[in-house]
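Q: My structure is below; once you've seen it, I'll send some questions.
The values are calculated or read from the model by the stated rules, or taken from the named source; none is laboratory data. Bear in mind that the values here come from a model prediction, so they are computed numbers and not experimental data. All Cβ positions, even for glycine, are placed from backbone atoms using ideal geometry, and neighbour counts span all protein chains on display.
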Amino acid sequence: MTHPLLPFELQALACATLLAFFGWVLYLVRYRHLSLRDSLLWLLSTAAVLTFALFPRLLVEVARAMAVQVASNALFALAILYLALNVLSLTIALSNGAARSRRLAQECALLRAELDEVRARVEKLSV
């Protein structure tokens with residue numbers, strides 16, 4: 001008799017937790033606490049891990065394709081890759097936000113200078 005790769009209780013708990021997390025991300029998107037663009041990485045990664053939880057043999061095949069002896073090591077390697085992608089995604093978003101903020105500050109300064117110039121002209125004309 002062969003032992004299952006993942007005990008049923010653990011598999012059920014993992015699937016329930018992942019489905020709850022998936023629902024929570026959708027809730028955050030629905031009530032605009034999280035943008036759809038930012039949620040995409042979370043939704044895709046949760047779906048991928050849910051696939052591995054539902055079909056543990058798939059993880060063994062992925063580990064074999066990666067030439068890794070132990071499936072859990074492949075899971076850790078994939079988790080590290082996911083974290084690196086998530087950090088890169090957040091860094092890109094932060095960089096874009098900083099660039100937009102800088103452009104807005106520059107535009108605000110130009111508009112303020114233009115407004116001061118117009119006020120000075122109006123004061124000259126009124127005197």
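Q: Please find, among L10, L54, L88, L5, the residue that is at pLDDT below 90, surrounded by fewer than 16 Cβ atoms within 10 Å (Cβ to Cβ) and hydrophobic (A, V, I, L, M, F, W, C).
A: Result of the check over L10, L54, L88, L5: L5.
Q: Among S72, S95, which is the only one that is part of a helix (DSSP H, G or I), under 30 Å from L13 (Cβ atoms) and of a type outside the set (A, V, I, L, M, F, W, C)?
A: Exactly one residue qualifies, and that residue is S72.
Q: Say we look at segment 13-33 and pick out the residues that are under 15 Å from F52 (Cβ atoms) and under 16 Å from the mean Cα position of the chain (by Cα); which of these is surrounded by the most Cβ atoms within 10 Å (Cβ to Cβ)?
A: L18
Q: Whether any residue in segment 20-29 is in contact (Cβ under 8 Å) with a residue 24 or more places away in the chain and farther than 28 Å from L94 by Cβ is what I want to check.
A: no
Q: Inspect all residues belonging to segment 103-114 and state whether any of them is on the phi > 0 side of the Ramachandran plot and either among the basic types (K, R) or surrounded by 13 or more Cβ atoms within 10 Å (Cβ to Cβ) (or both).
A: Looking for residues that are on the phi > 0 side of the Ramachandran plot and either among the basic types (K, R) or surrounded by 13 or more Cβ atoms within 10 Å (Cβ to Cβ) (or both), one finds none in segment 103-114, hence no.
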